[in-house]
């Protein structure tokens, strides 16, 4: 019973401000052209394997302003960004871009998947997504490779602070 | 020919065979790859989805380094290729965003000028060196070796940003494989994403997607060839963690090309590929 209730779209709970925010995000402007053909879901490599991940449903739920349902769980973080739906949508709705818009809104609300948070913190602190230290550079030398470029981490942090991004990541 | 060489985190930190084989094959073909001092992570396709301005600024910062060098950029990771190409194109074409990003970059004393291009190594080989020259340089053709090519998504998509090959029916990597004397074999679902980007969210899905593809490749070909460190890691690691590994060797394209150009198995870093790829040596001629 609970499952059934959860699957209803409750128009009364629609958050029209939320839909507006998605539509205002660059790349997500075509959302309302979606006629639910399902090409996105049919061709999605993740939807083929994970029942809960349905790009067509994501487009519909945004149109109905179902913010809470979209921001909970792992849904938003399961898109690989392969752009298959982007390329094949007959209305150029580009669900991958809708999902990107949702991630941006989620971050502003303090919601960020822990894996994404860890990657972003690594970039801010080390300039790379992985630590590249003396060990890596010794291994590189064994393969006839020069030391890895040393990123100016102060510059990177300054950029991420200036845009406000690092504060959002830290506040998530 | 000289290019600024943007290696990207994954190859720098753990796939030395990919980087070393790229450098050595480039040298054989008369291409100089120059290191980019102070370069960092491209920003990643993850960051693009979280904050457009920060992603563009992070990519643009790296592009600024190449602009100072006066050199176009060559990349070897599909993710970096997409992030840098998207920023380069967007900032060249959109004056308002360019102004906004340059205000951010001014904070660190940099400015995006829009004077260089970004190309994946594979694209550079095809467009700037050409298949004819590569074929003419190959002196150890890999006759009879059957190869399952995996392009990876971001070499081709989004197609209105990458403007390279056909995202639904690409041929470049196949042509480059054929140029080594080996044969690129068509196999079902070959353009499907490796799903590596969700490895940290649903590892089980990534491994099963990876295994499905390598098992398909095994039916048609001797080895799999990739052109992206993320895809490579997915197809290698899904086999390493499996109890029923199909044992399909995964090889970086420059390693294959390097063998055909007469470079050694060892100097191309092939012994560090974790699934034994020595079967390729059986096909070497000359």
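The values are calculated or read from the model by the stated rules, or taken from the named source; none is laboratory data. As the structure is a prediction and not an experimental result, all values here were calculated from the model. Every residue, glycine among them, receives a Cβ derived from its backbone with ideal geometry; neighbour counts consider all protein chains shown.
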What is the number of the single condition among (1) within 18 Å of the chain's Cα centre (by Cα); (2) closer than 24 Å to residue B:12 by Cα that residue A:113 does not meet? (2)
Hey, any hits in region A:48-60 for a residue that's under 17 Å from the mean Cα position of the chain (by Cα) and either loosely packed, with under 13 Cβ neighbours inside 10 Å or without any contact (Cβ under 8 Å) to a residue 12 or more places away in the chain (or both)? yes
Members of region A:151-172 that are at pLDDT below 95 and facing another protein chain (nearest Cβ under 7 Å): A:151, A:152
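With the requirement that a residue be within 16 Å of residue B:173 (Cβ to Cβ) and surrounded by fewer than 18 Cβ atoms within 10 Å (Cβ to Cβ), what does region B:139-161 give you? Break it down stepwise before answering.
Of region B:139-161, the ones within 16 Å of residue B:173 (Cβ to Cβ) are B:142, B:145-157, B:159.
Of everything in region B:139-161, those that are within 16 Å of residue B:173 (Cβ to Cβ) and surrounded by fewer than 18 Cβ atoms within 10 Å (Cβ to Cβ) turn out to be B:146, B:159.
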Kindly list the number of the only condition in (1) under 17 Å from the mean Cα position of the chain (by Cα); (2) outside the structural domain of residue A:8 (by TED's automatic domain parsing); (3) modelled with pLDDT under 95 that fails for residue A:140. (1)
I want to confirm something. Restricting to region B:18-49 and keeping residues that are closer than 20 Å to residue B:257 by Cα and at the interface with chain A (Cβ under 7 Å from one of its Cβ atoms), which single residue is surrounded by the most Cβ atoms within 10 Å (Cβ to Cβ)? B:19
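Which of the residues belonging to region A:22-33 are crowded, with 21+ Cβ neighbours inside 10 Å and under 22 Å from residue B:193 (Cβ atoms)? First the steps, then the outcome.
The first filter runs over region A:22-33 and keeps only residues crowded, with 21+ Cβ neighbours inside 10 Å, leaving A:22, A:28, A:31.
Once the filter is applied, which keeps residues that are crowded, with 21+ Cβ neighbours inside 10 Å and under 22 Å from residue B:193 (Cβ atoms), region A:22-33 yields only A:28.
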Just one of (1) within 11 Å of another protein chain (Cβ to nearest Cβ); (2) touching a residue at least 12 places away in the same chain (Cβ under 8 Å); (3) in a helix (DSSP H, G or I) trips up residue B:13, so point out which. (2)
Segments classed as helices (runs of 4 or more DSSP H), wholly inside region A:1-55, with at least 1 members that are modelled with pLDDT of 90 or more and out of contact with any strand residue (DSSP E or B) (no Cβ under 7 Å at 6 or more places or on another chain): A:16-24, A:39-43
Taking region B:125-165 and keeping residues within 14 Å of another protein chain (Cβ to nearest Cβ), in a loop (DSSP other than H, G, I, E, B) and either modelled with pLDDT under 95 or touching a strand residue (DSSP E or B) at 6+ places or on another chain (Cβ under 9 Å) (or both) leaves B:151, B:152, B:164
Tell me, yes or no, whether region B:101-119 has at least one residue that is free of Cβ contacts under 8 Å to residues at least 40 places away in the same chain, facing chain A (nearest Cβ under 10 Å) and buried (at least 24 other Cβ atoms within 10 Å of the Cβ). no
So is residue A:111 assigned to a loop (DSSP other than H, G, I, E, B), at pLDDT 95 or above, more than 7 Å from chain B (Cβ to nearest Cβ) and crowded, with 22+ Cβ neighbours inside 10 Å or not? no
Selected residue (only one of B:238, B:279, B:231 is farther than 25 Å from residue B:131 by Cα, surrounded by 24 or more Cβ atoms within 10 Å (Cβ to Cβ) and at pLDDT 95 or above): B:238
